[in-house]
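Student: For reference, the structure I am asking about is given below.
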């Protein structure tokens, strides 16, 4: 995101080389060194520290979360395998299971759900990317919450939202949510 009126907190502007674009298309991920300014990184650190000091009420149910990760890249680079959401999953003590590319993730989830059900639990399966009606509704709610944060609470002017896409569940929910609350990004 780029925030107008707050130049100390924005991503550095740099163009992507054709080789980086090709690597992204081939591998699904690329590393872009120094893509963010030190001020931006510090803001992220502060936000992360605040989130850790003031955990969500959902933090108390963390031992009930099972996550299945399919390594579609085949990478064994720790910087790739233990960053982003995986880092947060670890912090919240989710039970992570790694699988190689090509694993039938739906079958794995169904098998665990059956085991948990047999043990008297009530499992809920979230499909890959959260791409179902409930997942999209969650992202629609995230659009509403985010719009409140950057338009009202913080007084920030946001002209772009960038999201990762795989199954398009995030994009569908965000687009629906932003449309429903009449948010127009310039």
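Student: List the residue pairs whose Cβ atoms are under 6 Å apart, where the first residue sits in the range 158-186 and is under 13 Å from residue 139 (Cα atoms), the second is in a strand (DSSP E or B) and modelled with pLDDT of 80 or more, and the two are 6 or more positions apart or on different chains.
Tutor: Within 6 Å, no pair qualifies.
Student: Would you confirm whether any residue within the range 144-153 is touching a helix residue (DSSP H, G or I) at 6+ places or on another chain (Cβ under 9 Å) and within 29 Å of residue 30 (Cβ to Cβ)?
Tutor: yes
The values are calculated or read from the model by the stated rules, or taken from the named source; none is laboratory data. Nothing here was measured: the structure is a model prediction, and the numbers come from that model. Glycine gets a Cβ as well: all are built from the backbone with ideal geometry, and neighbour counts include every protein chain shown.
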